[in-house]
Structure formats: C-alpha cells, structure tokens
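Working notes for the structure below.
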Amino acid sequence: MNENSFKSGFVSIIGRPNVGKSTLLNAIIGEKIVITSDKPQTTRNRIQGIHNIPSGQIVFIDTPGIHIGRSRLNKSMVDVARSAISGVDLLLLVVEANSRADADFVNDILKRVTIPVVLVLNKIDLLADKNQVLKKIADWAVLHPFKEIVPISAGRNDGVEHLVTVISGYLPEGPAMFPDDILTDMPEKFIVAEMIREKVFRLTRDEIPYSTAVVVESFIERENGVIAISAAIMLERATQKGIVIGHRGEMLKKIGSQARQDIERLLDTRIFLELFVKVVDNWSERPSKLRELGYE
C-alpha cells in the first residue's frame, strides 16, 4: 500500500463504565460532542465522532460502558456497546491504568474478535511513576495479542496525539466517508439534549440516578438569529422533581445556565433555553418509551 494514499476507517471505543471513553473522544475531536460525568453509564447511544488527519479520516464510535445489565435500559445500553465490536476496522479497548488486569473481562469481550485491538491504558496520571506504567503494560499484554498498548491521560490530553498516529497505521486505504467540516453525525437536537442531561448529572450529583432523560421538544431559529429551545427533563419518580427544580427553582436555573453556555459554543449563536421537568413513572423499563428515546 502506498504510504501517501488516503486512508479511512471505523474505530470503536469500548470498555467498562467510567474509564474515560467519552473524554478520550472529545480530546481527539477537539470539541465537546459527548457528555462526561463521574456517574456510570453517562453515554447511552452509539455516537460517531469524525476526526480528519492529513492522510485520512477516522470515524470513532463511542459506546456505553460494558457492564452487567439489570434494568431494560441497562441491557439495551450493553447491547449497543457489544454491537459496536463488529463491522469496524479497529477496536480501542480503554482501561484505567490503576485497575487490575482483568483476564475474565478481556476474554468475554474479545474472545471472538478477529480485527486488530489496541489497548488504551488511560489515566496514567493516577500511577506513581513510569515503572508502574511499564508494569501495568506488562500485566495487560499477556491477556490478549493486542497490536499495541498505548498509555495516555485523556483528561490531560497526554499521549492522545500519539494514539491517533497509532490508530492511523491500522486504517485501510479508502476515501473519506464524511465531509471534512463536520465533527459528528449526531443531530444537533441530540447533542443539545445530552448537554442538558450532563448538567443534571453534574449538579445534582448522587441525588438523581442515571435513569434521567432529556427530550428537546422544540428547536426554533428566530429571525434575529437566536435559537429558542424548549426541553423536558424526564424523571422516573415524583420525589426527584424537587431536587432538579431546587429551592425557588434555583437548581433548574443553574442547570439551564450552564447548559446554555455549552450549547451556545456548539451552535455559535445566542440561545434562549426553556427547561421544565416531568415525571414518567418507571420510563426506563418501558419498551415504548425506550424506543421513543432511541435506546432500543
């Protein structure tokens, strides 16, 4: 193959919850297209991020964390993650640098995988020194014939550029699959809803469970260029409503203010954001509601 030829391919980012998959994708793309938080299962959908390099185009697929799914929503998320293992050109298996090398997990995920797999050892800043990094690399290396093991810290953007170079070496020759001026194939309304959901998670901390959804109910560009967005924060229990609204509406105002700032950066225009809260009992176990929200 001509080294100067254009290459393109699909790369899935997989791993357990909270290992930094979405943070890694945002770091590579250079923009916030995927929400992050310290709550497990923040990412629920198969999200594509598009990264152009001088000699090619990489289409990344960010996935929910692979875990034991108990609720219907959980099981749907795991199905999404596992489906992303097939039909791609390269897998990035992301693990935390300070976690133990888990043979059972690797065997479960990779036992039938025939495509190249690169292990990404993330959060190396949690380790004391280079010797610990080298030891962790050695521990993981015996579990699978990984093509490479790349230590990084996605949160600090350390080693990310080198990882992109490694990835590009495994791309097949082929044309660009997307125009070079877009970062994701996800609709703007989807990303807006995700940005609002992130603020709910970050600001309410452990008081609100992950089974919270956001639905953008209207998205209208006015003549003056301002985009008016109305969105519903959907909860499962009435007792959660007061937490999201807060005393005299203060929490809801804070969620809206922080989300609006992110959305304005994304859309590069002024935003009028209206938020309201509604309760849909046990929505995460309802097949019709999961389909409506795009989770099944």
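The values are calculated or read from the model by the stated rules, or taken from the named source; none is laboratory data. All values reported here derive from a predicted model rather than from experimental measurement. Methodologically, a virtual Cβ is constructed for each residue, glycine included, from the backbone with ideal geometry; neighbour enumeration extends over all protein chains shown.
Structure values in brief
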| item | result |
| --- | --- |
| Residue list for segment 251-293, restricted to those being among the charged types (D, E, K, R) and over 28 Å from G225 (Cα atoms) | K278, D281, E285, R286, K289, R291, E292 |
| Segment 213-244 - residue that is modelled with pLDDT under 90 and small (G, A, S) and, of those, nearest to R260 (Cα to Cα) | G225 |
| Enumeration of residues in segment 100-124 that are within 22 Å of the chain's Cα centre (by Cα) and in contact (Cβ under 8 Å) with a residue 40 or more places away in the chain | F105, I109, P116, V118, V120, N122, K123 |
| Candidate set from segment 179-198 (those that are of a type outside the set (A, V, I, L, M, F, W, C), closer than 14 Å to I47 by Cα and assigned to a helix (DSSP H, G or I)); member that is nearest to the chain's Cα centre (by Cα) | E194 |
| Hits in segment 235-263 - residues which are part of a loop (DSSP other than H, G, I, E, B) and under 25 Å from the mean Cα position of the chain (by Cα) | E236 |
| Qualifying residue in segment 245-252 (condition: at pLDDT below 90 and assigned by TED's automatic domain parsing to the domain that holds A213) | no |
| Odd one out for T114 among (1) part of a loop (DSSP other than H, G, I, E, B); (2) closer than 19 Å to L163 by Cβ; (3) of a type in the set (V, I, T) | (2) |
| Hits in segment 267-294 (condition: hydrophobic (A, V, I, L, M, F, W, C) and either surrounded by 17 or more Cβ atoms within 10 Å (Cβ to Cβ) or in a strand (DSSP E or B) (or both)) | I271, F272, L273, L275, F276, V277, V279, W283, L290, L293 |
| Any hit, segment 219-234, residues being assigned to a loop (DSSP other than H, G, I, E, B), touching a helix residue (DSSP H, G or I) at 6+ places or on another chain (Cβ under 7 Å) and surrounded by fewer than 16 Cβ atoms within 10 Å (Cβ to Cβ) | no |
| Top-ranked residue in segment 151-166 [being in contact with a strand residue (DSSP E or B) (Cβ under 6 Å, 6 or more places away or on another chain) and buried (at least 21 other Cβ atoms within 10 Å of the Cβ); ranked as nearest to L90 (Cα to Cα)] | L163 |
| Verdict on I191 being touching a residue at least 24 places away in the same chain (Cβ under 8 Å), crowded, with 16+ Cβ neighbours inside 10 Å and under 30 Å from L266 (Cβ atoms) | yes |
| Looking only at segment 193-212, and only at residues there that are of a type in the set (S, T, N, Q) and closer than 16 Å to L290 by Cβ, the one that is modelled with the highest pLDDT | T212 |
| Leading residue by the ranking (modelled with the highest pLDDT) among those in segment 167-188 that are surrounded by fewer than 15 Cβ atoms within 10 Å (Cβ to Cβ) and farther than 16 Å from S55 by Cβ | P179 |
